[in-house]
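Shown next, in C-alpha cells, is the structure this report addresses.
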Amino acid sequence: MADLTVLTGADERDLTKLDEYRAIGGYGALEKARSMTPQEVTEEITNASLRGRGGAGFPMGRKLSLVPGPDRRSGPSHVVANADESEPGSFKDREIMRRVPHRFIEGCLIAAHAIESQNVFIYIRGEYLAESEVLSAAVEEARGAGVFGDVDVVVHRGAGAYICGEETALLESLEGERGQPRPRPPFPPVAGLYMQPTLVNNVQTLASVPAIIDLGAERYKEIGAEAAPGTVVYSLSGNVNRPGNYELPLGTTLRELIFEHGHGVADGRALKAVIPGGSSVPVFTPDQLDVPLDFDAVQAAGSYLGSAAIILVDDRACMVQLAVRAEKFYMHESCGKCTPCREGTRWLVQLLEKIEDGRGTQADLDLVVKVCDRIEGKSLCALGDFAVWCVGSYVEKFRDEFQQHVDEGRCPYGGQSTLEGVLAPSDQHAHTAMAEVPA
C-alpha cells in the first residue's frame, strides 16, 4: 500500500478485481494481522487513534476493547459493517464500496481477527444496488480464493430506512425485526446482534484499518489532526462548482476544501451557509471557513463533523425553505417509537410551512424554538436531536430572514429560491483528491 489513503490505487487500477488489489499489496495487511495476536491488533488500532468515520467519531480501538474475548463470553461474537449510508449529503461509503471493495472487506476481516469472531455481516443501504452487486462479487471472489479462512461474510441489503443507520436499529433490522432503536444499556459490544457481543463500525472506518496494520500506528499518525489522525473522504455537494468526494487529511479547512478542491461557489454566487457534517448538524456561516474539519475543531466551533458531508448553500437559498425541506425528511424517517420525535417533527413541519407560506405569526416563530427544546435530548436515539439541531441553528443564525417572513406575510424570495441539489447526493463521477504521507 503506497500511502494512507483509503482510495489508494483506485484511479490507476480496477480494484474491484482481486488480482488487481493483490498487485498493490492487497490482503497483505490481513496476513500480517493474522500473524499478530488479537490483542496486538487491537493495541495497534488503539495507538493509531482511529476514530469512527460514520458520524460520532468514537475511537475504534476502544470499541474493540469492549468486546469480550472467547474466555469471557458464552457464544460467538460478530462484526457488523454499517453501510447504510443515508445521511443527506453523504456519498463517501458509496464510492469506497464501488471502487475499493476489497480494502473494505480486508478491514472487516482484520476486525474479525481482533475480536476473535468468525462472523461478518455487511448491512448495505437498499438503494445502493450497483454498489451491492460490486461488493457481493468481491466477497464471492475473495471467498473462492480462500481469503476468508474460517470467517463467513454475509452481505445484507436494507430496505431504505434512515433510522437503520443507527446501530441498534440496524441490528434489529438485520435480525428481521422492525428497524427501531433499542434502549441502552446494554450496548452492542456486550449484547448486539442476536444479543451476542458485536462490533459495529462504518465502512470508511473499517477500510482505514489495513493501512494502520500495514504501515503501523506511528506512521499513520503522521497525517491529519493530532487528536484524529488519518484521512477522511469529504463529500462535497450543494452550490459548488466541483462537487464530489475528496480524500484529504483530517483537519483540512473548509476554505481549502471549498475553494481549492471544489473550485468555489457555483456561478460565482456569494456563500450564505455551510453545513459541515450532513443535513443533521448545526449550520456554519461564511465567517467560519477557516475551521479545521476534524471532530474536535468542528465541535468547538458549534457543530459536528458527522459523516463529513459538506453542503454549500448560496445566497439564492431561502433558509426557511431549507428548514422545511430538512424537517420533512426527518419527519418522514422517524420510526415513530418516541413521542417527542414522532409528534414534534410533524409539529415543526406545520409551523415552518406556515412561516414559509406567509401565514406564520410571531407566536409561531417563537414556538418553533420551544418545540426544538422539547424534542432535543428526549428521544431514544439521536434522530430527534438531528431533527432540531439543523432547524434550531437556521433560526439562530438567520433569525432576521425568518422574522422577515412573519413581518411581511410572504417569502421574500418570491418563489425564486432554488435549493435543487442542496440536500441530494451528487450522482456524477466523483472527484477524489489523494493525500500523501509526509516523507
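The values are calculated or read from the model by the stated rules, or taken from the named source; none is laboratory data. None of the values given here were measured: they were computed from a predicted structure. When we count neighbours, we look across all protein chains shown, and the Cβ atoms used for this are built from the backbone with ideal geometry, even at glycine. To get the accessible areas, we keep the full protein, side chains included, count just its heavy atoms, and leave off ligands, DNA and RNA. Shrake-Rupley method; radii C 1.70, N 1.55, O 1.52, S 1.80 Å.
Can you go through Ala83, Ala112 and tell me which one is over 20 Å from the mean Cα position of the chain (by Cα), surrounded by 24 or more Cβ atoms within 10 Å (Cβ to Cβ) and aliphatic (A, V, I, L, M)? None of the others qualify; the one that does is Ala112. For segment 82-103, a residue qualifies if it is in a helix (DSSP H, G or I) and either in contact with a Leu (Cβ under 6 Å, 6 or more places away or on another chain) or at pLDDT below 95 (or both), and the qualifying residues are Met97, Pro101.
The one condition from (1) under 23 Å from Ser65 (Cα atoms); (2) in contact (Cβ under 8 Å) with a residue 60 or more places away in the chain; (3) in contact with a helix residue (DSSP H, G or I) (Cβ under 7 Å, 6 or more places away or on another chain); (4) not polar (S, T, N, Q) that Gly165 does not meet is (3). Hey, could you check segment 152-175 for residues that are in a strand (DSSP E or B) and of a type in the set (D, E, K, R) and say which is nearest to the chain's Cα centre (by Cα)? Per the criteria, the residue is Arg157.
Screening Glu172 with (1) touching a residue at least 40 places away in the same chain (Cβ under 8 Å); (2) under 21 Å from Leu66 (Cα atoms) gives one miss only, at (1).
Scanning segment 295-332 for residues that are under 28 Å from Phe58 (Cβ atoms) and either part of a loop (DSSP other than H, G, I, E, B) or of a type in the set (Val, Ile, Thr) (or both) yields Val298, Ala301, Gly302, Ser303, Tyr304, Leu305, Gly306, Ser307, Ala308, Ile310, Ile311.
Tell me, please, whether a residue that is closer than 30 Å to Gln204 by Cβ, touching a strand residue (DSSP E or B) at 6+ places or on another chain (Cβ under 6 Å) and not β-branched (Val, Ile, Thr) can be found in segment 328-338. No, segment 328-338 contains no residue that is closer than 30 Å to Gln204 by Cβ, touching a strand residue (DSSP E or B) at 6+ places or on another chain (Cβ under 6 Å) and not β-branched (Val, Ile, Thr). Restricting the first member to segment 406-418 and to residues that are over 10 Å from Asp357 (Cα atoms), and the second to residues that are modelled with pLDDT of 90 or more and part of a helix (DSSP H, G or I), the beta-carbon pairs closer than 8 Å and six or more apart or on different chains are Pro412/Glu401; Pro412/Gln404; Pro412/His405; Tyr413/Gln321; Ser417/Gln321. Just one of the numbered conditions (1) in contact (Cβ under 8 Å) with a residue 24 or more places away in the chain; (2) open to solvent by 10 Å² or more (accessible area, probe 1.4 Å); (3) out of contact with any Leu (no Cβ under 7 Å at 6 or more places or on another chain); (4) part of a helix (DSSP H, G or I) is not true of Arg242: (4). For segment 385-427, taking the residues that are at pLDDT below 90, more than 29 Å from Ala56 (Cβ to Cβ) and out of contact with any Leu (no Cβ under 9 Å at 6 or more places or on another chain), the one that is most open to solvent (accessible area, probe 1.4 Å) is identified as Glu420.
Only one of Pro282, Pro229 is touching a residue at least 12 places away in the same chain (Cβ under 8 Å), open to solvent by 10 Å² or more (accessible area, probe 1.4 Å) and at negative phi; which?
Pro282
Counting the residues of segment 334-371 that are closer than 25 Å to Pro412 by Cα, open to solvent by 70 Å² or more (accessible area, probe 1.4 Å) and among the basic types (Lys, Arg) gives 3. Could you list, in sequence order, the residues of segment 190-213 that are in a loop (DSSP other than H, G, I, E, B) and open to solvent by 20 Å² or more (accessible area, probe 1.4 Å)? Hits for segment 190-213 are Val190, Gln196. Open to solvent by 30 Å² or more (accessible area, probe 1.4 Å) and either closer than 30 Å to Ile311 by Cβ or not basic (Lys, Arg) (or both): does that describe Arg125? When the stated conditions are applied, Arg125 passes them. Of the helices (runs of 4 or more DSSP H) lying entirely inside segment 1-81, those containing at least 2 residues that are without any contact (Cβ under 8 Å) to a residue 12 or more places away in the chain are 18-23, 38-47.
Kindly list, by first and then second residue, each pair from a residue in segment 302-331 that is of a type in the set (Lys, Arg) to a residue that is modelled with pLDDT of 95 or more and in a helix (DSSP H, G or I), limited to pairs with Cβ atoms under 6 Å and residues at least 6 apart or on different chains. From residues that are of a type in the set (Lys, Arg), the pairs are Lys328/Val349. The condition of being part of a helix (DSSP H, G or I), without any contact (Cβ under 8 Å) to a residue 60 or more places away in the chain and surrounded by fewer than 20 Cβ atoms within 10 Å (Cβ to Cβ) holds for Glu133.
I'd like the full set of residues that are surrounded by fewer than 16 Cβ atoms within 10 Å (Cβ to Cβ) and either within 23 Å of Leu66 (Cβ to Cβ) or within 25 Å of the chain's Cα centre (by Cα) (or both), limited to segment 15-46. Residues satisfying the conditions are Arg34, Thr37, Gln39, Glu40. Select from segment 165-189 the residues that are touching a Phe, Trp or Tyr at 6+ places or on another chain (Cβ under 6 Å) and either open to solvent by less than 10 Å² (accessible area, probe 1.4 Å) or at pLDDT below 95 (or both) and list them in ascending order. Correct list: Leu170 only.
Looking at segment 262-279, is at least one residue surrounded by fewer than 21 Cβ atoms within 10 Å (Cβ to Cβ) and within 22 Å of the chain's Cα centre (by Cα)? No.
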